[in-house]
1. Shape call for segment 35-150 from the C-alpha gyration tensor, a ≥ b ≥ c root eigenvalues: rounded (a/c under 1.5), prolate (a/b greater than b/c) or oblate?
2. When L241, L215, L209 are ordered from fewest to most other Cβ atoms inside 10 Å of their Cβ, what list results?
3. Cβ neighbours within 10 Å, averaged per peptide: list 103-109, 129-135 in order, most packed at the top.
4. Roughly what % antiparallel, to the nearest 5, for the DSSP beta bridges in the chain?
5. Can you tell me which lysines have their Cα less than 16 Å from the Cα of K81? Leave out same-chain residues fewer than eight positions away.
6. Give the distance, in whole Å, between the Cα centre of segment 187-240 and the Cα centre of segment 108-134.
7. Per residue of segment 186-200, in order, report the coupling 6.51 cos²θ - 1.76 cosθ + 1.60 (Karplus, θ = phi - 60°) as ³J(HN,Hα) in whole Hz, putting x for Gly and Pro.
8. What is the set of long-range amide H partners of S133 at a cut-off below 5 Å, with H atoms built 1.01 Å from backbone N?
Amino acid sequence: MSESLEEADLAAIAEVFTNYRMVDLSHRLQPGIPHFPTHSAFFHLPWSSINDPATMNVLLMHEHNGTHVDAPLHLILDSSKVDPEAHGIHNVSIDSLLGPCYCIKADLAAEETLSEADIKKWEDQFGPIAPGSVVLINFGWHKKWTLGEAGLEYVAGWPGLDRSAAQYLLGKQVKAVGTDCLGLDTSTSPDIPAHDVLLINGVLIMENLANLDELPPRSYFMAFPLPIHKGSGSPVRALALVPR
């Protein structure tokens, strides 16, 4: 049996949430949200049952709709190395998206890429990225997120990481890398280096993050995927703790 928390422990935890505020980094899930061109849309449909007065709905969605995390299973180019049991989202550690967070502001135009040199320049100003941390890239793309046809601007031409940046973050031993774009690779990337480098090595990828402008260079991040058996990804409610 696990030990119970003492009053002092509970007070210390409560103090953290008193001195820090939560920033919600997840987009609202609703019909009409942007989605990857090869993925299905998000549907929220009413469900009724005879003799049951409760209000209920059916969710019909892609694993990668909205703010979500990619499991390693999502993209391992060498099919001989794919193991749905080992690489599925259900097998991802509960603390894989929990830890110190570094938010890198990247002012790039459509289809441009963030490089290792760009990340090192950011580190020169804000300090080195530590092992076991979460890195979020703020391309400013979340501002394009909107419903319907107006959201088509979000699903075209987004920027991303180049191979040098992905390899550099892998070498930093980070837990996860997130973006406010539809993908961590650019929209027309021929070799998807970020997915190719990170996922097979157990570094998770988060996409469609929101409100990254509210984050300072350093904060504390938390998100928890659903334990979907052999899932290639899962929606998440992503949050960051920042000083009040």
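1. Values: a/c = 2.09, a/b = 1.60, b/c = 1.31.
Since a/c reaches 1.5 and a/b is larger than b/c, the shape of segment 35-150 is classed as prolate.
2. Details: L241 17, L215 20, L209 28.
The order, fewest Cβ neighbours first, is L241, L215, L209.
3. Values: 103-109: 16.7, 129-135: 18.3.
By packing density, highest mean first, the sequence is 129-135, 103-109.
4. Values: 26 of 40 bridges.
Antiparallel: roughly 65 percent of the beta bridges in the chain.
5. The qualifying lysines are K230.
6. Centre-to-centre (Cα) distance: 16 Å.
7. Computed from phi, the couplings for segment 186-200 are 5, 5, 10, 4, x, 10, 5, x, 5, 5, 5, 7, 7, 5, 5 Hz.
8. Under 5 Å from the amide H of S133 lie the amide H atoms of K175, each far enough along the sequence or on another chain.
Each value in this text was obtained by applying a stated rule to the coordinates, not by laboratory testing. These figures come from a predicted structure and were not determined experimentally. Every residue, glycine among them, receives a Cβ derived from its backbone with ideal geometry; neighbour counts consider all protein chains shown.
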